[in-house]
Structure formats: C-alpha cells, structure tokens
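This is the structure I want to talk about, given as structure tokens.
The values are calculated or read from the model by the stated rules, or taken from the named source; none is laboratory data. Just so you know, these numbers come straight off a predicted model, no measurement behind them. In this analysis, Cβ positions are derived from the backbone assuming ideal geometry, glycine residues included, and neighbour counts consider all displayed protein chains. Quick note on the areas: whole protein, heavy atoms, side chains included, nothing else; ligands and nucleic acids left out. Shrake-Rupley method; radii C 1.70, N 1.55, O 1.52, S 1.80 Å.
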Amino acid sequence: MKLLIDGEWKDPESGNYTEKMNPSTGEVLEKVPAAGVREVDEAMDAASSAFWPWYELGSKERSRIIMRAAQLITAKRKELEDILVAENGKRRIEAIGEVDGVLDQMIYYAGFERKITGDVAEGDNFDRKIFQYKVPYGVVLALTPWNFPAAMVARKLAPALLTGNTVVMKPSSDTPHSAEWITRKFLEAGLPKGVLNFITGKGSEIGDYMVAHKKVSVITMTGSTETGQRIMQKASANMAKLVLELGGKAPFIVWKDAEIKDALKTLLWAKFWNAGQSCIAAERVYVHSDIYENFVKKFAAATSSIHVGDPETADMGPLINSSALKSMEKYVSAAKEGGSKVLAGGSRPSLSGKLASGYFYLPTVLEEKDQKASLFQDEIFGPVTGVMKVDDLDSALELANDSKYGLASYLFTRDITTAMKAAERVRFGELYINMPGPEASQGYHTGFRLTGQGGEGSAYGIEEYLKLKNVYFEYSGKPLSINTVRDDLLR
Ligand code: NAP
C-alpha cells in the first residue's frame with residue numbers, strides 16, 4: 001500500500017508502517033504506511049492547488065468522472081468485495097451489499113450535476129440585486145471508520161467532489177485497503193492530480209495535525225463520539241466546518257400488535273448485521289409485556305441458532321480486532337454481575353484451525369431490568385444486546401429517548417395511532433417503522449445529541465459541502481449617492 005499525493009503513489013518518507021490483521025484469523029494482512037506531518041502538508045498543498053481548476057471544470061464534467069469511476073468499480077466489483085471480506089471480516093453477502101451501496105451513493109450524487117442553484121434576492125433599491133451563490137468550500141478532510149469502509153468513503157467522496165471541493169482522505173487504520181482501491185478507480189476515471197489525496201496513519205498520531213491544518217475548510221468524519229469531540233476541539237484552531245456522524249444506541253420497540261415474524265426477522269438483521277458493528281444496530285430491545293415471553297423466547301432461540309465462523313459461509317463473522325472482542329467480554333460480565341440473565345450466547349465460540357485465532361464472539365441476548373445499566377447506556381458496537389419488558393407507550397418512548405445518542409430507532413406496530421405518536425415523540429434522526437434499515441441515499445442520515453452534527457445523503461447532505469456566498473450588484477447606471485459621504489469631497 002502507498003500514499004497518494006498530488007497524483008503520485010509514494011512510500012512514507014519515514015519508512016514506518018503499521019500492521020493490519022485479518023480479523024478472521026489474526027494473521028497479518030498487510031503493511032500500512034504511516035504518513036508524517038510532512039506528507040500531510042504535501043497532501044493539503046496538492047488539494048489546495050487543485051481546487052480552482054477542479055471547480056471551474058463545472059459539475060457536468062465532474063459528474064462524468066464520478067460516473068466513470070462507478071463504471072470501473074462495477075467492472076471489477078468482486079475485487080472490492082474480496083477486500084471487504086478480508087480486511088473487515090464482513091460476510092460475503094454483506095460485502096456484496098456494501099458494494100451495491102457504494103455504487104448507489106456514487107450514482108445518486110453524480111445525479112446532482114447542473115442542479116446546484118442559488119437565489120437572487122431583491123436589493124433595497126429596484127436596480128440592485130443580491131446573488132446568493134452556493135460555492136464549494138475548498139479542501140475537505142474525509143475521515144472514515146472501519147465498519148463500512150467502502151460505503152463511507154463513497155458517501156463522502158461523491159458529494160464533496162461533485163460540488164467542486166478537493167479532498168484529502170484518511171481511512172480507518174483497521175480498513176485502509178478498500179479506501180485505497182476506490183481511490184485508484186477515481187484516478188483511472190480521469191480525476192485530475194491533486195483533487196483526491198490518500199493518506200494513511202494512526203489518527204492518534206497525525207489526526208490532531210490534520211484537523212487543525214489551516215488549509216482544511218470542511219472536516220467530514222464518521223466514527224466514535226470521543227473522536228468527534230476531540231476533532232471539534234482541535235478544529236476550532238481553524239474554524240473548519242464540521243460534519244460529524246458519530247455513535248448510536250438504537251432502541252428497538254416491539255408493540256403488542258406487532259407482526260411478530262417481521263419484527264423478529266428485522267431484529268435479527270438490525271442486531272447481527274456486520275456482527276453488530278453498525279451505528280444503526282438495535283442495541284436495546286423494548287418489548288410489550290403482553291407478548292414479551294413469547295417474543296423473547298423466539299428471539300433467544302433464533303440467536304442461538306446463528307452460526308458464527310468463516311465470513312464466506314457463516315451467518316456471522318468476526319469482530320474487527322482483539323480490543324473489540326475484549327470489550328464484548330467486559331460488557332457481558334458487567335451485565336451478569338449487575339444481575340442480568342444470559343438468554344443466548346455470552347461467550348466466545350469454540351472454532352478450530354486458523355479461525356481459532358480470529359476475533360469471534362457468540363451472538364448474545366441478555367435480559368435487563370435496569371435502564372441505567374451500561375448494556376442500555378453505552379454503545380456496545382458488537383453482537384450483544386439487552387431486552388426489557390415495557391407496559392405502556394409513554395414509558396417505552398421515554399426509555400427509548402433516554403440515551404446520549406440519537407441516530408436510529410425502530411418500532412413494530414400495526415396501530416396507526418401508536419406509530420404516529422412515536423413518529424412525533426422519538427428524538428432520533430431516523431425512525432424505521434415496520435421495516436429494517438439501512439438509510440437510503442435520498443434520506444438525510446443525521447442524529448440528535450452526541451451522535452454529532454450535520455448529516456449525509458439527500459439534497460441536504462449535498463448542502464454540507466456548499467457555502468452560501470453573497471454578491472451585491474448595482475446596475476442602474478446612475479451616480480451613487482452615499483449619504484454619509486459629501487459629494488463635494490470628490491471635486
Ligand atoms: P474512530 O476510532 O472514532 O475512528 C474514525 C476515524 O477517525 C478513523 O479514520 C480514525 O483513524 C480517525 N481518528 C482517530 N483519532 C483521530 C484524531 N484524533 N483526529 C482525527 N482523526 C482521528 O471510529 P471507528 O472505531 O473507526 O468507528 C466506529 C464508530 O463509528 C462507532 O462509534 C459508530 O457508531 C460510528 N459510526 C457512525 C456512523 C454514523 O453514520 N453516525 C456510521 C458508521 C460508524 P484511526 O483508525 O487511524 O484511528
């Protein structure tokens with residue numbers, strides 16, 4: 001793997017690399033360059049110099065390049081799917097779905113060509129107008145997470161580039177390969193040099209320097225709330241615009257009149273998709289007391305039947321790394337010590353051969369009675385969830401809203417009054433009623449509270465990359481009269 005700076009693929013000047021493991025086997029997958037501040041400076045300079053010609057190219061031609069990149073990805077998509085399975089441990093079927101998502105984002109955003117409009121406001125006098133232009137900010141710093149390492153790259157690159165910004169991208173150190181592969185496709189598609197630069201290295205080492213860089217105008221980051229808060233502090237040095245897509249703790253409410261089979265199927269997806277490592281994962285399940293015993297029994301039985309192992313063939317693959325695995329063990333033992341009962345899973349699976357060194361954990365369901373327990377408050381980000389009995393809608397909605405995070409939420413009910421009440425009351429950026437996620441390209445993916453600020457997707461997501469600029473224009477042809485300046489001063 002190499003760094004891409006101003007159109008050239010380079011080794012890091014320091015000669016330093018970090019190791020990236022295959023989560024299914026614990027074996028070293030590849031060596032990742034550790035960029036230093038000098039390479040960050042070079043990438044920022046390149047993106048900054050490339051800005052004007054890229055902006056002046058116009059959105060029609062920029063869109064063509066994004067579409068060509070999408071075609072090149074389509075032609076070789078199996079390569080990207082293979083990378084996702086290897087570096088993330090994603091199931092094959094989920095890797096295929098993620099590449100579909102990459103293409104959907106790119107095609108959707110490319111469709112905004114020639115659709116960026118502004119306003120013309122009346123001036124105070126008839127022969128005056130105020131033109132309000134939407135213009136690109138300049139250099140965008142894109143920081144991506146490991147859980148959807150290709151889709152998050154596409155969701156940032158496509159709108160940033162379509163609107164005429166240039167980009168410095170740094171992917172997660174856990175999944176840099178898919179981002180590098182996509183970058184190569186953009187170059188092959190004809191992206192001019194310097195428009196997209198690719199840097200790898202630990203966020204803990206070069207992150208502060210990158211986000212405070214004076215050439216950065218927008219920082220778009222998807223990741224944890226802790227990192228987002230740090231970025232906010234450091235970015236204040238330069239007042240960069242922030243789009244922060246951070247943590248989640250989705251409540252999943254199953255009401256007494258729910259279609260049980262659909263609710264169960266959706267819950268199994270919403271909890272164990274990507275081994276529970278999703279920002280919209282069902283992290284806490286609230287079930288109406290009338291159906292609680294039956295529903296929870298079925299959920300626990302289905303969870304126990306999930307086959308964990310090789311992501312090529314199993315129902316669920318590994319966690320991303322050894323610390324994620326340790327974190328599951330910590331949450332489950334804390335829950336057990338706090339009195340919650342294990343209904344399914346609760347340990348590592350016993351796997352043989354190479355998989356014995358992988359980062360696997362069994363899908364786990366715990367019965368919880370305490371809303372304040374870490375199981376119901378912290379973002380677990382793995383295949384562990386808690387279920388709780390609820391009696392009335394007001395308290396279910398209150399419990400659902402009782403979270404520092406506010407990204408996704410779910411409700412299963414056939415009653416329109418219950419559905420509409422929830423739609424009004426939930427304080428989450430997304431509510432899925434009687435259906436699974438994930439978010440659509442044409443939806444605005446955003447969250448309340450510590451889930452961050454700004455959002456991605458839809459025309460609202462495009463706006464995040466555009467700055468409103470005002471041009472005041474006088475065209476009467478008459479001499480100006482400014483009542484605080486005496487005309488006789490100019491004689
Ligand atoms: P993370 O550790 O916060 O890292 C996210 C990105 O920020 C990585 O590229 C990381 O690089 C970089 N980074 C780390 N420290 C930095 C610093 N000081 N300055 C600048 N950049 C820095 O998050 P993650 O573990 O990759 O992802 C999991 C989290 O993402 C979860 O909380 C999940 O909920 C959230 N997520 C949210 C959404 C959403 O749409 N809201 C979607 C997906 C995931 P390194 O890898 O080198 O540290």
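Within the range 153-160, does at least one residue satisfy the condition of being within 13 Å of the ligand (Cβ to nearest atom) and of a type in the set (Lys, Arg)?
The answer is yes, given that some residue of the range 153-160 is within 13 Å of the ligand (Cβ to nearest atom) and of a type in the set (Lys, Arg).
Another question, if that's okay. Output the residues belonging to the range 344-367 that are touching a residue at least 40 places away in the same chain (Cβ under 8 Å), open to solvent by less than 10 Å² (accessible area, probe 1.4 Å) and not small (Gly, Ala, Ser).
Scanning the range 344-367 gives Phe360, Tyr361, Pro363, Thr364, Val365.
Restricting to the range 186-221, give me the number of residues that are more than 16 Å from the ligand (Cβ to nearest atom) and within 23 Å of Gly89 (Cβ to Cβ).
Of the residues in the range 186-221, 0 are more than 16 Å from the ligand (Cβ to nearest atom) and within 23 Å of Gly89 (Cβ to Cβ).
Also: Which of the strands (runs of 3 or more DSSP E) found entirely inside the range 1-100 contain at least 3 residues meeting this: surrounded by 14 or more Cβ atoms within 10 Å (Cβ to Cβ)? Outline the logic, then answer.
Working: elements: 3-5, 8-10, 17-21, 28-33.
Strands (runs of 3 or more DSSP E) meeting the threshold: 3-5, 17-21, 28-33.
Is it fair to say Ile116 is surrounded by fewer than 22 Cβ atoms within 10 Å (Cβ to Cβ), in a helix (DSSP H, G or I) and more than 15 Å from the ligand (Cβ to nearest atom)? Even if it seems obvious, please write down each step before you answer.
On the way: surrounded by fewer than 22 Cβ atoms within 10 Å (Cβ to Cβ): yes; in a helix (DSSP H, G or I): no; more than 15 Å from the ligand (Cβ to nearest atom): yes.
Spelling it out, it is not the case that Ile116 is surrounded by fewer than 22 Cβ atoms within 10 Å (Cβ to Cβ), in a helix (DSSP H, G or I) and more than 15 Å from the ligand (Cβ to nearest atom).
The conditions are (1) in contact with a Lys or Arg (Cβ under 8 Å, 6 or more places away or on another chain); (2) away from the ligand (no atom under 16 Å from the Cβ), and Lys129 fails exactly one of them. Which is it?
In the conditions (1) in contact with a Lys or Arg (Cβ under 8 Å, 6 or more places away or on another chain); (2) away from the ligand (no atom under 16 Å from the Cβ), Lys129 misses (1) alone.
If Arg427 passes every condition in (1) assigned to a helix (DSSP H, G or I); (2) surrounded by fewer than 16 Cβ atoms within 10 Å (Cβ to Cβ) but one, which one does it miss?
It fails just one condition, (1).
Only one of these is within 16 Å of the ligand (Cβ to nearest atom) and within 29 Å of Lys256 (Cβ to Cβ): Ala373, Ala419, Ala396, Ala408. Name it.
Working: Ala373 fails: within 16 Å of the ligand (Cβ to nearest atom); Ala419 fails: within 16 Å of the ligand (Cβ to nearest atom); Ala396 fails: within 16 Å of the ligand (Cβ to nearest atom).
Exactly one residue qualifies, and that residue is Ala408.
Can you name the condition, by its number, that Ser173 falls short on among (1) surrounded by fewer than 21 Cβ atoms within 10 Å (Cβ to Cβ); (2) hydroxyl-bearing (Ser, Thr, Tyr); (3) away from the ligand (no atom under 16 Å from the Cβ)?
Of (1) surrounded by fewer than 21 Cβ atoms within 10 Å (Cβ to Cβ); (2) hydroxyl-bearing (Ser, Thr, Tyr); (3) away from the ligand (no atom under 16 Å from the Cβ), only one is false for Ser173: (3).
Could you run through the range 158-210 and say how many residues are free of Cβ contacts under 8 Å to residues at least 40 places away in the same chain and outside any loop (DSSP other than H, G, I, E, B)? Even if it seems obvious, please write down each step before you answer.
First pass over the range 158-210, keeping only residues free of Cβ contacts under 8 Å to residues at least 40 places away in the same chain: 169, 171, 179, 184, 204, 208.
From the residues that got through so far, the ones that are outside any loop (DSSP other than H, G, I, E, B) too are 169, 179, 184, 204, 208.
Number of matching residues: 5.
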